[in-house]
Structures are given as structure tokens and as C-alpha cells.
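Participant: Have a look at the structure that comes next, please.
The values are calculated or read from the model by the stated rules, or taken from the named source; none is laboratory data. Because the structure is a prediction, the values reported are computed rather than measured. Virtual Cβ from ideal backbone geometry, glycine too; neighbours counted across all protein chains shown. Each accessible area value is taken on the protein alone, full model and side chains, heavy atoms only, with ligands, DNA and RNA left out. Shrake-Rupley method; radii C 1.70, N 1.55, O 1.52, S 1.80 Å.
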Amino acid sequence: MTEPHFRPRRSCLYMPGSNARALEKAKTLDTDVLIFDLEDAVAPDAKAAARRQTAQAVREGGYGQREIVVRINAMESEWGEGDLAEIVAADPDAILLPKIDGAAAIGQAHRGLPVWAMIETPLAVLNIAEIAAADGLEALIMGTNDLAKEMRAQPDAKRTVFQSALTASVMAARAHGLTAIDGVFNDIGNESGFAKECEQGRAFGFDGKTLIHPSQLEACNRIFSPSQDEIEAARAVIDAFALSENAGKAVIAVDGRMTERLHLEQAEQCVAIARAAGIA
């Protein structure tokens, strides 16, 4: 049986495009995705230099298997169009588009490269189904800091104010075969709080989480990876359905539990992700 291919996107680390040392250090970090940021992490007077530096870093490469995504400035900003043109020419793996409200922005930015979209405005949440269906879109990323500002919300440790938006985004991603990435955790020194939020994100169904510091990588990669028990259980399901006596059956018993073909699909995904992440 051929297993599906999955590119792990457990950890998605933001790196400021204006910081040459950070772009170089990124080559050594254990992250699945590097997001070179030209937007929030870069001051207005450094935007043009950061764009040139980031484009050069992307062209030169050296980042191994890490997926390279560049977050440009909003298309309606004075830097957006210039960012898009120069970064597309450098050919990263994807363009990350901030501050979108609807699907039209995806079409505007889709110029041969996959587009990832930040969900960080109330209109983006309300238009999430339309956005997720847009041609060229590959991933949705929650921007919970901006969303909190726009909502005038006061988030608690359980992110109660965001739960409807988080759920809607995962639903939309799954409906259209997209990757769903959770938002950042701001308190870098709060390791237990970060771990709990990763666990919550995985429980919601997110594939991974955006990060603001390399110290968050180990916990994020571990929590968003299948455990060895999960991998072994998945292999048992795959092996059971592969037996000749189970060919064509919709429901079988695996270790005394009723197991349907939907569980086989989940098992195949679990093992495929584990292998892609190098843990199986």
C-alpha cells in the first residue's frame, strides 16, 4: 500500500529579514519551516534593505530540507508590490500574505508560487470559507496577536476568545486540503504555558505552530509529532487492513477495537508524517 506524502510543518519559525545573523543562524535550527519576515519584524526605514537581503538569502540557499516561506508586507502597503516582485523572483517555497480580508488578495499575490495566508482580521475569520477555497492557497496561519488587537479582546491562558476562530480556520483548511498553522505564543520564558498551548493547538487539529524564538522549537516539534505509541497503533491498523482476509472489508477488529477505513486513512497519515519528520 502506498502511503501519502506529507511535508512536516510542525514548527514554523519567524526570522527577521533585516537581521543577517538571524538568516545565517537559521541554517542550523531544527525547524520544519523558516518564515523570513519583511512585515512586523522590520522597521519602515529598513524595509527595502530587508527585502534585498532576504531575496539574496533565498537565492543563495543552504537551508537544507527546511521549507522557506517569506512574509511580505500587505499588498495595499507601499512595500507590498515591490516585496512580491523581488521575492517571487528569488523563488522561495511560498509567499506568506498578511492582513487579508478575503479571497481577492490571494489571487492578487498568486504569481506561480504557493500562497500562505495570515488569518488575523475579523473579516478574514468571517470570510474563511471563501479564502480557503482560493486558487493557489496552500496554508492558513493564525495571527492571534493582530486578531486580539482588532477584536479589542483580552485573551486568557485558554484562548477562550479565539476558540471559534481557531476552529473555523481548521475546518476551512481541512475542507480544502490546506495546512493549518496555529498562532504564536508571546511569553518566551513560560515553557509550561507554551507546551500547554501547543497541546491545545494539536487538539484543535492544527498541523503545527508559528514560533518567535528558537528556544520554542524542541517542545513544538515534540508535541506536534506522533508519539511512539500512536505510531505503533497506526502501524497495527495498516498491517491489519493489508491482510488478505480483510481485503474489501469496511470494518475490522484491531487489538479488540472496531476499526473502520477512516481509521486506516488516519493511520497512514500518522506514519507518513512520522517518517517525514524522521521519527519512524
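Participant: Do you know which residues across the stretch 190-228 are of a type in the set (Ser, Thr, Tyr) and farther than 20 Å from Ala272 by Cα?
Facilitator: Ser192, Thr210, Ser215
Participant: Here's another thing I want to ask about it. Looking at the stretch 108-127, which of its residues are touching a Leu at 6+ places or on another chain (Cβ under 8 Å) and either touching a residue at least 40 places away in the same chain (Cβ under 8 Å) or surrounded by 22 or more Cβ atoms within 10 Å (Cβ to Cβ) (or both)?
Facilitator: Passing the criteria: Ala109, Val115, Trp116, Ala117, Met118, Ile119, Glu120, Val125.
Participant: Another question, then. Specify the residue that is nearest to Ser225 (Cα to Cα); the eligible residues are those in the stretch 186-200 that are in a helix (DSSP H, G or I) and among the acidic types (Asp, Glu).
Facilitator: Per the stated criteria, the residue is Glu199.
Participant: Can you tell me which residue in the stretch 133-176 is farthest from the chain's Cα centre (by Cα), limited to those that are hydroxyl-bearing (Ser, Thr, Tyr) and open to solvent by less than 30 Å² (accessible area, probe 1.4 Å)?
Facilitator: Within the stretch 133-176, the match that is farthest from the chain's Cα centre (by Cα) is Thr144.
Participant: Given the condition in contact with a Pro (Cβ under 9 Å, 6 or more places away or on another chain) and either charged (D, E, K, R) or within 30 Å of Pro16 (Cβ to Cβ) (or both), answer yes or no: does some residue in the stretch 250-261 qualify?
Facilitator: no
Participant: May I pose another question? Could you look through the stretch 189-200, keep only residues that are surrounded by fewer than 15 Cβ atoms within 10 Å (Cβ to Cβ) and among the acidic types (Asp, Glu), and pick out the one that is nearest to Val170 (Cα to Cα)?
Facilitator: Going through the qualifying residues, I end up with Glu199.
Participant: Among (1) open to solvent by 10 Å² or more (accessible area, probe 1.4 Å); (2) over 28 Å from Asp135 (Cα atoms); (3) touching a helix residue (DSSP H, G or I) at 6+ places or on another chain (Cβ under 9 Å), there is one condition Glu60 misses while meeting the rest; what is its number?
Facilitator: All conditions are met except number (3).
Participant: Tally time: how many residues in the stretch 201-241 are assigned to a helix (DSSP H, G or I), touching a Lys or Arg at 6+ places or on another chain (Cβ under 7 Å) and surrounded by fewer than 24 Cβ atoms within 10 Å (Cβ to Cβ)?
Facilitator: Residues in the stretch 201-241 being assigned to a helix (DSSP H, G or I), touching a Lys or Arg at 6+ places or on another chain (Cβ under 7 Å) and surrounded by fewer than 24 Cβ atoms within 10 Å (Cβ to Cβ): 2 in total.
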